[in-house]
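The values are calculated or read from the model by the stated rules, or taken from the named source; none is laboratory data. As the structure is a computational prediction, the values presented were derived from the model and not from experiment. A quick note on method: Cβ atoms are made from the backbone with ideal geometry, for glycine too, and the neighbour counts reach across all protein chains shown. To get the accessible areas, we keep the full protein, side chains included, count just its heavy atoms, and leave off ligands, DNA and RNA. Shrake-Rupley method; radii C 1.70, N 1.55, O 1.52, S 1.80 Å.
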Amino acid sequence: MNHKTHARTSTTKRSAMQPSRREFLRRSTLAAAGAGILASGGRAWARHSDFVPAVVIGSGFGGAVAALRLGQAGIDTVVIERGRRWPIRPDGDTFATFERPDGRAYWLRDQTGEAALGLPQLVKPIDRYVGVLEVVEGNGIYIGAGAGVGGGSLVFNGIIVKPRRELFERLFPREIDFGEMEDVYYPRVQQIIRPAPIPQDILATDYYLSSRVSLDQATRAGFPTRPVDLAIDWDIVRDEIAGRRVPSAIAGQSSYGLNSGATRSLDRNYLSRAEETGHVEILPLHNVAAIERGDGGRYVVTVFPIGDDGEIVSAPQRLVCKYLFLAAGSIGTTKLLVRARSTGALPALNEHVGRHWAANGDIPVIRGLLPPTNAGTGGPAGHFIMEDLDNPFGPTSFVEIVLPPHVNAALSALGAPPHFANYASLGIPPAIGSFAYDSAPDAVGLTWPASDPRLGNFLAAAQQTLASLDQANGSLTLSFNPAVSAHPLGGAVLGKACDFDGRVKRYPGMYVVDGALIEGTTGLANPSFTIAALAERCMDRILCCDRLKN
Ligand SMILES: Cc1cc2nc3c(=O)[nH]c(=O)nc-3n(C[C@H](O)[C@H](O)[C@H](O)COP(=O)(O)OP(=O)(O)OC[C@H]3O[C@@H](n4cnc5c(N)ncnc54)[C@H](O)[C@@H]3O)c2cc1C
């Protein structure tokens, strides 16, 4: 059975096995089987027969939190997700691997994405498919983002880390109280995802040698380090080591998904719990093309059901809701909003929509000339964060992430100085990215002004940290690529486009609950934990104060 057959089977099977309790859920289940959102279809929205109280667009960190909390509050909710479900298969062949990529690896691309990493020789042709990793080509930057039920959690390195208080308080509006985040909302996310640091017995294996080397090197350079949690089931990694599961984390896999099932992705915690409430239905393979204001203060969402190859399979559906939660990720959410403002569908959106964007200061870095690291094994990420807080150009942090085995092999073949390690370098960039609508292709584009002098300090800070590491350890920085990031943040930020609880200004009943809320940086921390915790905070306030009803 090839992967295209898998997708169809999983969707259809689910619909048959879980009849929904409510009428709206019954109808939307038909859509999951490919019949459109509502059985009536067409222009039925005008008669309010395509009505659902709440719609959530996107099922990543923000969307998953919103779905669960809406479901628990008894609000009937449809989650619209453009990608497919990715249930872990017992034969260990759910996802593509770095060595044998196929369509499952990428969202609607004809070739793999290594050209963006400066390694065009690794690019391979693939079939066009609704795979897990999207590469967004902006003007001045390439962005990686997840696609599928679970969003970025399907492809992420599992790092769950919160910013230090002093940075959070410096970078976030003072209305967002770090004490409350730390006491209430970060723990709430932890309780459901259950991340944990790498256990010592696993860290001590050969697979994780590069993590131990990187920790030594940080210490030698005088940088403080602290452990991070990972959204990884370490018992499954133990099974990989013992040969009871397909080698995935230990084999250096990460951003195409882990076939062993070690990743605690959102489809297996937040989203499954949301569905269990009986009030939430997820529609995979439905792409939202537009949002607009309808009659009586309602919102209308135009959705295209798509097939495994991304092609539209039936007429667009128009779904009407009272409460619209935007959670399509920083780029997806902002594109929908900017287009809606430009086309006149939501003309009162303010001037901050589409602005205040950056990629969390995330820069992929490869270092070489280290002691032996066993690079290409031991994923999906290292077990600690190193921080250079006294850097004269600005603070930075580095988190080790696995070096994909095929990149490791290519570097060796190129004769690069041996023994590599791979990092996400994080700094504090100014949020000077923006989005603009172009009517000719009817598309919204992202621009990152990569040569703007305002980026000077942020880039110099990362280079300074690398110079310190290399000087203290006799190592060499092989690759430093600020044109690539996996941490898009901003576009509809707190206190500007939205209020401090995610309510979109001038549009009652419309909310943003994802990375679009955050102004370009989470403060030297990988963003998923803060996105989810902020979504928890928004949902608390929205559910308590806005009196949502079916
Ligand atoms: C390779 C990689 C590794 C990463 N590693 C880490 C890590 O270790 N730790 C960390 O904290 N962060 C990591 N990140 C970043 C993290 O994944 C994101 O910050 C996070 O997923 C963003 O959450 P979100 O809710 O804003 O959006 P997302 O999680 O991106 O979810 C948005 C969802 O909306 C869907 N969508 C978009 N547009 C539409 C549309 N028009 N219609 C319907 N659905 C739509 C998408 O398919 C997606 O499922 C990584 C990212 C990548 C790409």
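Here are some notes:
- In a fully extended conformation the segment linking residue 547 and residue 348 would gain 69.3 nm over its present Cα-Cα distance, using 0.36 nm per residue.
- Annotation: amide H of residue 402 within the under-5 Å range of 381, 382, sequence separation 5 or more or interchain, hydrogens built in the peptide plane.
- Share antiparallel - DSSP beta bridges, the chain, percent rounded to 5: 70 percent
- Shape of region 118-224, Cα gyration tensor, a/c cut at 1.5: oblate
- A simple rule links phi to the HN-Hα coupling: the Karplus curve 6.51 cos²θ - 1.76 cosθ + 1.60 with θ = phi - 60°, which for region 83-98 gives x, 9, 7, 10, x, 6, 8, x, 7, x, 10, 6, 10, 6, 10, 4 Hz, with x for Gly and Pro.
- When region 110-191 is described by a simple charge dipole with +1 on each Lys and Arg Cβ and -1 on each Asp and Glu Cβ, the residue from 119, 139, 154 located farthest towards its positive end is 119.
- Hydrodynamic radius (Kirkwood) for the chain, which is based on Cα pairs only, to one decimal in Å: 23.4 Å
- Per residue, the accessible area of region 144-220 comes to 42 Å², computed with a 1.4 Å probe over protein heavy atoms only.
- Unit charges on C-beta of K, R, D, E only; dipole of region 432-550, Debye: 400 debye
- Anisotropy class of region 164-298 from Cα gyration tensor, a/c 1.5 cut: oblate
- Listed residues 320, 532, 219: farthest to the positive end of the dipole of the chain (Cβ charges): 320
- Accessible surface, region 421-511, averaged per residue in Å² (probe 1.4 Å): 37 Å²
- Of interest is the spacing of the C-alpha centroids, which for region 90-153 and region 157-221 amounts to 26 Å.
- Dipole-positive endmost among 396, 420, 448 within region 341-456 (Cβ charges, Cα centre): 420
- Cβ-placed point charges (K, R +1; D, E -1), dipole of the chain about Cα centre in debye, nearest 20: 1540 debye
- Nearest-10 value in Å² for the accessible area of residue 496, using the 1.4 Å probe: 60 Å²
- Fraction of accessible area attributable to carbon and sulfur, region 346-455 (%, probe 1.4 Å): 59 percent
- Helix-derived mean residue ellipticity, 222 nm - over the chain, DSSP H n ≥ 4, -39500 (n - 2.57), to 500: -8000 deg cm²/dmol
- The order of the peptides 400-408, 431-439, 480-488, 516-524 by mean Cβ neighbours within 10 Å, most packed first, is 516-524, 400-408, 480-488, 431-439.
- Taking the accessible area of region 510-550, probe 1.4 Å, and keeping the other protein chains in place, the carbon and sulfur fraction comes to 47%.
- Rounded to the nearest 20 debye, the dipole size of region 60-211 about its Cα centre is 200 debye, using +1 on the Cβ of Lys and Arg and -1 on the Cβ of Asp and Glu.
- Prolate/oblate/rounded call for region 223-273, Cα gyration tensor, a/c under 1.5 rounded: oblate
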